[in-house]
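Each remark here refers to the structure printed beneath this line.
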Amino acid sequence: MNAHQPFAADLALYALNELKGDARVAVETHLRDCPDCRTELERVRGDLALLAFSTSGPRPPSRSRERLMSAMAKEPRRVQVRRVQRNVWWSGVGWAAATAALVAVLWLVHQNRELERHLAGVEARSAGQQEKFEQAKQLLATLTSQEAARFVLVAGQTPPQPQGRAIYLSSSGSLVFLASNMADLPPHKVYELWLIPTTGSPIPAGIFRPNPQGSAAVVKPALPVGVEAKTFAITVEPEAGSSAPTSQPIMVGTRG
């Protein structure tokens, strides 16, 4: 396909000053580099100007008028005038109808483009809502599953005690972890949650920093499916997180 073909329909809308937004910018950008489309635009503008002027009826040259008057002198005047008037009127009506039809077609093209943009926006919003709905369903399934393992993590004996609760469904690798009363951290440090499997090394299960109230959450981190959890633990790590614990756990969970 030629580079300027996709702009063929837009040129008429541009000539009528009906092209708006990104579509207008795209046409103007293309016109700067495409002499063929610039020539076509001038042709379209000329056609539109011709149609606009033609709605008032054709204006014959003076020589044609002289020949017409000479012919009229040889014929019955009343009949001939009526015929000429009918032809002029019909020509004007024909051009007016053509102009109206062109404007209607261009308006329909414009409306169709607007409808396509609207539908594209609706589809994008619908896809985003569907994705959020699926995530909510998975989260609810994890929280309510009878097969989910639940762990309670507590540090210290003096209130307010830092606490964490992990709900883990190994069949889908889904994890929901909620923490409260967590102490603030030094700069460039984060808490890191670890899945301690029944066999093998600890698996990173997400990093977090508590808010000013000491609360934090880790929801559906990237975990392998089918790993049975012995427990969960929390360590303090560099702000980017670690692939393996670099310090002793400050909290270790028990089933609860």
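The values are calculated or read from the model by the stated rules, or taken from the named source; none is laboratory data. A quick note: this is a predicted structure, and the numbers were derived from the prediction, not measured. So basically every Cβ, Gly included, is an ideal-geometry build from the backbone, and we count neighbours across all protein chains shown.
Table for the structure above
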| read-out | value |
| --- | --- |
| Complete set of residues in segment 177-189 that are surrounded by fewer than 21 Cβ atoms within 10 Å (Cβ to Cβ) and either of a type in the set (Gly, Ala, Ser) or under 35 Å from the mean Cα position of the chain (by Cα) (or both) | Leu178, Ser180, Ala183 |
| Qualifying residue in segment 225-242 (condition: surrounded by 12 or more Cβ atoms within 10 Å (Cβ to Cβ), touching an Asp or Glu at 6+ places or on another chain (Cβ under 8 Å) and in a loop (DSSP other than H, G, I, E, B)) | yes |
| Pairs, first closer than 19 Å to Val152 by Cβ in segment 231-255, second outside any strand (DSSP E or B) and among the hydroxyl-bearing types (Ser, Thr, Tyr), C-beta under 9 Å, six or more apart | Thr235/Ser242; Thr235/Thr246; Thr235/Ser247 |
| Test: residue in segment 190-204 that is surrounded by 14 or more Cβ atoms within 10 Å (Cβ to Cβ) and either at positive phi or basic (Lys, Arg) (or both) | no |
| Odd one out for Ala124, checked against (1) outside the structural domain of Thr246 (by TED's automatic domain parsing); (2) touching a Pro at 6+ places or on another chain (Cβ under 9 Å) | (2) |
